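The values are calculated or read from the model by the stated rules, or taken from the named source; none is laboratory data. In this text the structure is predicted, and so the values were computed from the model without any measurement. We place every Cβ from the backbone using ideal geometry, glycine too, and count neighbours over all the protein chains shown.
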Amino acid sequence: MSRFRRLGRFLVALPPYAWLVVFFLIPCLIVFKISLSEAQQGIPPYLPLVDWAAEAGTRLRVNLGNYGYLFGDELYAAAYLGSLRLAGISTLCCLLIGYPAAYAIARAPGAWRHSLLLLVALPFWTSFLIRVYAWIGILKTEGLLNGLLLWLGIITEPLQILQTNLAVVIGMVYSYLPFMVLPLYANLEKMDLSLLEAAADLGCRPFRAFLAVTLPLSVPGIIAGSVLVFVPAVGEFVIPDLLGGPDTLMIGKVLWAEFFDNRDWPVASAVAVAMLVLLVAPVMVFQHIQHKRAEATR
Amino acid sequence: MSERQPFAPWTDPGADPLIRFDRVTKRFGDFTAVEAVDLAIYQGEFFSLLGASGCGKTTLLRMLAGFETPSEGRIFIDGVDVSAVPPYERPVNMMFQSYALFPHMSVEQNVAFGLRQDGMPKARIKDKVRDVLDLVRMTGFAGRRPHQLSGGQRQRVALARCLAKEPKVLLLDEPLAALDRKLREQTQLELVGIQDRVGITFVMVTHDQGEAMTMSSRIGVMNTGHIRQIGTPVDIYEYPTSRFVADFIGAANMFDGTVTGGGDGRLTVACPELGHDIAVDYSGALAAGAPVTVMVRPEKMAVSRERPVEGMNWTEGGIADMAYLGDVSVYHVRLESGHKIEVLRTNLRHSGDRPPDWDDRVFVSWHPANALVLTR
Ligand SMILES: Nc1ncnc2c1ncn2[C@@H]1O[C@H](COP(=O)(O)OP(=O)(O)OP(=O)(O)O)[C@@H](O)[C@H]1O
Ligand SMILES: [Mg+2]
């Protein structure tokens, strides 16, 4: 009986784990391996890590130089910081827009909630790439936004928004907003409203009750939403490439350039590994907090 | 030497009620949850709202707390119409059925929360919190979070949080429902003791009639949005004014009949189920032919194998069921008509006269003063 159970459990758990191993863990290891090898002209454009053919026997050729290179050239540090900065600003904007939105949806009458949630998820029906392209049409000098502002007489000269960091932030906020709204909604929706009644009963005005009760209790939702926005935003390539300008320095673009323009796979891999490490740290902090929270409210 | 006055402000026509409901109705859409309720509750009372699930008890309490606004009618607290006063400005505090303790705050912070809203100085908050935690015997738990407490302890903290505010009225929505029976009985007495000490008016919702009986100065019996009767536990049990209340509180034997005559504070009623006429004490006037229900509580009847003495109402039948409960035995006697009567018999003696047993023909008897005429 229990043997069958264990077998069943194993079989159910197998496909997702197999999927993760084959399409996530192994590629990661391959990238990590490449990041330790040396570049060469040819196919593949790097030397094997383990040299089988040498007469002196099998030899391991580990090259940490690629990582050293990341430290050596200021470009990389600047690109990392640029990514963190733009992703941070975008996350903050998403939070400022997404929190009231999620709150409004969570407190809307039951019949409305599903329609409103559907609206939040609606952009996913269209390809991400097309939606980012559409922003070019809106933001460019002779685009919709400038046209509108000129027509309203608010400005006399068209504004240069496209190909600036502002356009990148707009694009990222637009693209990642649902990832902020949905976890926040899930959190706010399951909040026990009698807590707010209790607060009111004890003499607390609505806004103070929000600060004292709702906000602290929604911290897990804020963290979840922020991680979901921040992490992909840091590594974002498409948005800075399409909407950003020459001074938009983001690590995703640098990685692209290393890989396709310079054909330096080992350095590109090292950039990717460094980015992974940089992002895994906050995620682990997040999970640690989540875990502690879950224990505290059980 | 003055005699100790019984606490009964509701009998004093000059007394002003602390809480007054004036024909209050609450509708949700086209559903009427509370209908035309008139209610007066006095300072120092322990008032219970008793009724089956869904009868509108919580709705009534929530209107008093300010979470629902009456669709019609007005509510006065201490003479002030509170219809337009938001919950955070009302001099009442509510202990929620779910306790609604803030999960992200310690016990101490929970209790201090209401005091901080009042802008009380820190040092005084500290003293006050210590005092109320003392009162509910939770002193050692000040630093814990609600999830680290047992159900009973959470209930005490919720109570302390309300008491700290020293409200004029404390509202309790089924405060003891989550506790096991033993703890519940113990806490009932404690609650009454605390109420005695702090002198705050308590309004409690419950669907446990034993609880309402032991704790309350008065009880309001509710049914489908109406208050059917308001009275002391004794009133409600001994003198229910309607079939519904008689049936809802305790066990009752009820016989439908018609008045055949009367006078001198006594009626004669023909009850087809009993086979012959019975006499009932009744102070009012009812014309012959009026349909009535005669109610007799099981413990006010006697069951015996001997024919009862003259002047008693009686009927006879066979024992359909009996249960020995130690102090008392419960008999279910089936009459010729098929009607069943429940009778309690106190087991007074170790042995001696043989109690009625299976297969016995028995007589059930009761005095006319122990029956009640119900016209509603
Ligand atoms: N917000 C609401 N919207 C619609 N109907 C409601 C609402 N609140 C209560 N009701 C209805 O009003 C009636 C009375 O509800 P209430 O909560 O007062 O019952 P209760 O006597 O407290 O019952 P219980 O003992 O089960 O707690 C119920 O039929 C309930 O469905
Ligand atoms: Mg209720």
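Mind listing whichever residues of region B:335-360 are over 23 Å from B:A279 (Cβ atoms) and in a strand (DSSP E or B)?
Quick first cut of region B:335-360, residues over 23 Å from B:A279 (Cβ atoms) only: B:338, B:346-360.
The answer is B:T346, and nothing else.
Table: residues versus (1) out of contact with any His (no Cβ under 8 Å at 6 or more places or on another chain); (2) within 14 Å of chain A (Cβ to nearest Cβ); (3) farther than 10 Å from B:G51 by Cβ; (4) within 16 Å of ligand 2 (Cβ to nearest atom).
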| position | (1), (2), (3), (4) |
| --- | --- |
| B:V198 | yes, no, yes, no |
| B:V205 | yes, no, no, yes |
| B:D208 | yes, no, yes, yes |
| B:N223 | yes, no, no, yes |
| B:R228 | yes, no, no, no |
| B:G231 | yes, no, yes, no |
| B:A251 | yes, no, yes, no |
| B:F255 | no, no, yes, no |
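Yes/no matrix, rows are residues, columns are (1) among the hydrophobic types (A, V, I, L, M, F, W, C); (2) over 22 Å from the mean Cα position of the chain (by Cα):
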site: A:E74; (1), (2): no, yes
site: A:G82; (1), (2): no, no
site: A:L92; (1), (2): yes, no
site: A:R107; (1), (2): no, yes
site: A:A111; (1), (2): yes, yes
site: A:F128; (1), (2): yes, no
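Residues of region B:51-102 being within 14 Å of another protein chain (Cβ to nearest Cβ), among the basic types (K, R) and within 16 Å of ligand 1 (Cβ to nearest atom), which ones?
Matches in region B:51-102: B:R62 only.
Could you please find all residues in region B:315-326 being closer than 27 Å to B:T258 by Cβ and surrounded by 18 or more Cβ atoms within 10 Å (Cβ to Cβ)? Please lay out each step first, then the result.
Of all residues in region B:315-326, those closer than 27 Å to B:T258 by Cβ come to B:315-318, B:320.
B:T315, B:G317, listed by residue number.
Could you check how many residues of region B:158-184 are at positive phi and within 16 Å of the chain's Cα centre (by Cα)?
Summing the residues that are at positive phi and within 16 Å of the chain's Cα centre (by Cα) in region B:158-184 gives 1.
Pairs needed: first member in region B:40-58, without any contact (Cβ under 8 Å) to a residue 60 or more places away in the chain; second member anywhere, more than 6 Å from ligand 1 (Cβ to nearest atom) and not in a loop (DSSP other than H, G, I, E, B); C-beta distance under 9 Å; at least 6 residues apart or different chains.
B:A40/B:W10; B:A40/B:I19; B:A40/B:R20; B:A40/B:F21; B:A40/B:I230
Among the residues that make up region B:126-139, is at least one of them hydroxyl-bearing (S, T, Y) and either in contact (Cβ under 8 Å) with a residue 24 or more places away in the chain or assigned to a helix (DSSP H, G or I) (or both)?
yes
For the subset of region B:99-122 comprising residues that are outside any helix (DSSP H, G or I) and in contact with a helix residue (DSSP H, G or I) (Cβ under 6 Å, 6 or more places away or on another chain), which member is surrounded by the fewest Cβ atoms within 10 Å (Cβ to Cβ)? Before you say what the answer is, go through the steps one by one.
Step one: filter region B:99-122 for residues outside any helix (DSSP H, G or I), giving B:99-106, B:118-121.
From the residues that got through so far, the ones that are in contact with a helix residue (DSSP H, G or I) (Cβ under 6 Å, 6 or more places away or on another chain) too are B:99-104.
Values: B:Y99: 22, B:A100: 23, B:L101: 23, B:F102: 21, B:P103: 16, B:H104: 18.
For region B:99-122, the residue satisfying everything is B:P103.
Matching residues to (1) under 8 Å from the mean Cα position of the chain (by Cα); (2) closer than 25 Å to B:V37 by Cβ; (3) basic (K, R):
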site	(1), (2), (3)
B:Q186	no, no, no
B:L191	no, yes, no
B:I194	no, no, no
B:G210	yes, yes, no
B:H226	no, yes, no
B:T241	no, yes, no
B:D247	no, yes, no
B:T258	no, no, no
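Is at least one residue of region A:82-92 assigned to a helix (DSSP H, G or I) and more than 30 Å from A:A186 (Cβ to Cβ)? Talk me through it step by step, then tell me what you get.
Let us first name the residues in region A:82-92 that are assigned to a helix (DSSP H, G or I), namely A:82-92.
Among the residues that remain, those that are also more than 30 Å from A:A186 (Cβ to Cβ) are: A:82.
Checking region A:82-92: at least one residue is assigned to a helix (DSSP H, G or I) and more than 30 Å from A:A186 (Cβ to Cβ).
Return yes when B:G54 is loosely packed, with under 13 Cβ neighbours inside 10 Å and within 16 Å of ligand 2 (Cβ to nearest atom) and no when it is not.
Numbers: loosely packed, with under 13 Cβ neighbours inside 10 Å: yes; within 16 Å of ligand 2 (Cβ to nearest atom): yes.
Judged against the criteria, B:G54 is a match.
Report yes if some residue within region B:86-106 is in contact (Cβ under 8 Å) with a residue 40 or more places away in the chain, among the charged types (D, E, K, R) and closer than 25 Å to B:D16 by Cα; otherwise report no.
For region B:86-106, residues in contact (Cβ under 8 Å) with a residue 40 or more places away in the chain, among the charged types (D, E, K, R) and closer than 25 Å to B:D16 by Cα: absent.
For residues that are free of Cβ contacts under 8 Å to residues at least 40 places away in the same chain and of a type in the set (G, A, S), scanning just region B:144-177, find the one that is nearest to ligand 1 (Cβ to nearest atom).
It comes out as B:G151.
A:I222 - would you say it is modelled with pLDDT of 90 or more, surrounded by fewer than 22 Cβ atoms within 10 Å (Cβ to Cβ) and more than 9 Å from chain B (Cβ to nearest Cβ)?
Values: modelled with pLDDT of 90 or more: yes; surrounded by fewer than 22 Cβ atoms within 10 Å (Cβ to Cβ): yes; more than 9 Å from chain B (Cβ to nearest Cβ): yes.
Against the criterion (modelled with pLDDT of 90 or more, surrounded by fewer than 22 Cβ atoms within 10 Å (Cβ to Cβ) and more than 9 Å from chain B (Cβ to nearest Cβ)), A:I222 qualifies.
Can you name the condition, by its number, that B:P233 falls short on among (1) touching an Asp or Glu at 6+ places or on another chain (Cβ under 9 Å); (2) farther than 23 Å from B:T59 by Cβ?
(1)
Could you grab me the full set of residues in region B:123-140 that are more than 14 Å from chain A (Cβ to nearest Cβ) and surrounded by 18 or more Cβ atoms within 10 Å (Cβ to Cβ)?
Those that are more than 14 Å from chain A (Cβ to nearest Cβ) and surrounded by 18 or more Cβ atoms within 10 Å (Cβ to Cβ): B:L133, B:L135, B:V136, B:M138.
So, B:G79, is that one in contact (Cβ under 8 Å) with a residue 40 or more places away in the chain, more than 16 Å from ligand 2 (Cβ to nearest atom), of a type in the set (G, A, S) and closer than 26 Å to A:G203 by Cα or not?
Against the criterion (in contact (Cβ under 8 Å) with a residue 40 or more places away in the chain, more than 16 Å from ligand 2 (Cβ to nearest atom), of a type in the set (G, A, S) and closer than 26 Å to A:G203 by Cα), B:G79 qualifies.
Could you tell me whether B:G14 is more than 11 Å from chain A (Cβ to nearest Cβ), on the phi > 0 side of the Ramachandran plot, of a type outside the set (A, V, I, L, M, F, W, C) and away from ligand 2 (no atom under 16 Å from the Cβ)?
It is false that B:G14 is more than 11 Å from chain A (Cβ to nearest Cβ), on the phi > 0 side of the Ramachandran plot, of a type outside the set (A, V, I, L, M, F, W, C) and away from ligand 2 (no atom under 16 Å from the Cβ).
Show the residue pairs that are 6+ apart or on different chains and have beta-carbon atoms under 6 Å apart, the first residue being within region B:60-72 and more than 13 Å from ligand 2 (Cβ to nearest atom), the second being charged (D, E, K, R) and outside any loop (DSSP other than H, G, I, E, B).
Short answer, once both residue conditions are applied: B:P70/B:K26; B:S71/B:K26; B:S71/B:R27.
What is the number of the single condition among (1) within 30 Å of B:V92 (Cα to Cα); (2) more than 14 Å from chain B (Cβ to nearest Cβ) that A:L217 does not meet?
(2)
It is to be established whether one or more residues within region A:182-189 are among the acidic types (D, E) and free of Cβ contacts under 8 Å to residues at least 12 places away in the same chain.
Residues of region A:182-189 among the acidic types (D, E): A:189.
Those left that are additionally free of Cβ contacts under 8 Å to residues at least 12 places away in the same chain: none.
Within region A:182-189, not a single residue is among the acidic types (D, E) and free of Cβ contacts under 8 Å to residues at least 12 places away in the same chain.
Residue-wise test of (1) surrounded by fewer than 20 Cβ atoms within 10 Å (Cβ to Cβ); (2) touching a strand residue (DSSP E or B) at 6+ places or on another chain (Cβ under 8 Å); (3) farther than 25 Å from A:I161 by Cα; (4) not basic (K, R).
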| residue | (1), (2), (3), (4) |
| --- | --- |
| A:M191 | yes, no, yes, yes |
| A:F237 | yes, no, no, yes |
| A:G252 | no, no, no, yes |
| A:V271 | no, no, yes, yes |
| A:V277 | yes, no, yes, yes |
| A:Q287 | yes, no, yes, yes |
